[in-house]
1. Is there a residue in the stretch 301-311 that is open to solvent by less than 20 Å² (accessible area, probe 1.4 Å), part of a helix (DSSP H, G or I) and modelled with pLDDT under 95?
2. Cβ-Cβ distance below 6 Å, separation of 6 or more or different chains: which pairs start in the stretch 71-90 with a residue that is over 19 Å from Pro290 (Cβ atoms) and end on one that is of a type in the set (Lys, Arg) and open to solvent by 10 Å² or more (accessible area, probe 1.4 Å)?
3. Working only within the stretch 16-73, note down all residues that are modelled with pLDDT of 90 or more, in contact with a Ser or Thr (Cβ under 8 Å, 6 or more places away or on another chain), part of a loop (DSSP other than H, G, I, E, B) and open to solvent by 50 Å² or more (accessible area, probe 1.4 Å).
4. Tell me which residues, restricted to the stretch 128-175, are of a type in the set (Lys, Arg) and either surrounded by 15 or more Cβ atoms within 10 Å (Cβ to Cβ) or at pLDDT below 95 (or both).
5. Assess whether Val245 counts as being in contact with a Lys or Arg (Cβ under 7 Å, 6 or more places away or on another chain) and either surrounded by 13 or more Cβ atoms within 10 Å (Cβ to Cβ) or free of Cβ contacts under 8 Å to residues at least 12 places away in the same chain (or both).
6. Restricting attention to the stretch 277-298, does a residue exist that is modelled with pLDDT under 95, out of contact with any Gly (no Cβ under 6 Å at 6 or more places or on another chain), surrounded by 14 or more Cβ atoms within 10 Å (Cβ to Cβ) and in a loop (DSSP other than H, G, I, E, B)?
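The values are calculated or read from the model by the stated rules, or taken from the named source; none is laboratory data. Computed from a predicted model, the values in this text were never measured in an experiment. Here the Cβ positions follow ideal geometry from the backbone for every residue, glycine too, while neighbour counts run over all protein chains shown. The protein model used for the area step is the full one, side chains on, heavy atoms only, and it has no ligands, DNA or RNA in it. Shrake-Rupley method; radii C 1.70, N 1.55, O 1.52, S 1.80 Å.
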Amino acid sequence: MPPIRSNLIAALCLLLWMSGTVAAQPTAPPAAGSSVVASQGGATVTLADIDAFAQRIPVDKRPGFFNSPTRIEGVITNLLLQKQLAAEARKAGIKPDPKPQGAEGADVSDEAALAKARMERFRADLKIPDLGELAQEEYVAHKEDYVVPGKLTVRHVLISTRSRSEADARTLADTVEQEAKAHPDRFDALIEKYSDDPAKATSHGVLEQVGEKGKYVAAFVREAKALAKPGDISPVVGTPFALHVIQLVERTPDRQQSFDEVKDDILKRLASRFVDKAVREHADALRNLPMNADPALVASLRTRYGAVAPVPGEQPKAAAGK
């Protein structure tokens, strides 16, 4: 079997599509047996392994699934990685947790369970370095992420742009703004008279914690924060489905949290990031080991689970570039 590195699809894409030209007259598929489709790092994936994977795909979906060279490559490389991790587990004497009972447990193979147990042990055995200095750097570089928003309460008149034209909505909103600025003490009456907010009967147009991150549309928050003192009125503010006129009710200043207040959370996040990176690097190291594959068996997967007619005039990028 010729050696094929991590980019299996580049070498086999043309073969897969060439096999499509005879999909209308398929030959008998290879028997499962122990036919080795690909090997890597001492692990092998056989036709029987891929057949077992295919059983998890509805029968009517299998031909379409395996008609994609990218999906075929993904199945092979993922199974190889799973088997390599399972081999590491056996070598280390790692035992998987007992299989869960019921239908879900029936889908968990011994190899998958071993691979999962291996990665869980890998995570648990990682020694986290001293991240204190890095945490301090993270805090200094992103101090804005550690600001507790002050209390910001407003009330607003909502003019819907769904129930009227934008021109009509703008005219009405301008009227509300003018009346509000002329008589800010009558803003409650403007809410009752003009607002299309369906919640106004209970909320009376009041919105709290407007400065809380992600809670309200950015343009609305920006104009609310621009109001200096209670009673101030904003210009007309546009959001995706409405126009608004806002009055400030109450605000308190934002508070910058100290490093000591947030240190534990930062350290926890950095530790999680460290572990995730180490896990990715370990998996990538296994994926990037030299791979051997049988091109004929890989190509046979395209029609092994049902014939797929070729798409007229369509060819893979590998062929198009020739």
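1. yes
2. These pairs meet every condition: Ala89/Arg118.
3. Hits for the stretch 16-73: nothing passes.
4. Within the stretch 128-175, the subset of a type in the set (Lys, Arg) is 143, 151, 155, 162, 164, 170.
Of everything in the stretch 128-175, those that are of a type in the set (Lys, Arg) and either surrounded by 15 or more Cβ atoms within 10 Å (Cβ to Cβ) or at pLDDT below 95 (or both) turn out to be Lys151, Arg155, Arg162, Arg164, Arg170.
5. no
6. Yes: the stretch 277-298 contains one or more residues that are modelled with pLDDT under 95, out of contact with any Gly (no Cβ under 6 Å at 6 or more places or on another chain), surrounded by 14 or more Cβ atoms within 10 Å (Cβ to Cβ) and in a loop (DSSP other than H, G, I, E, B).
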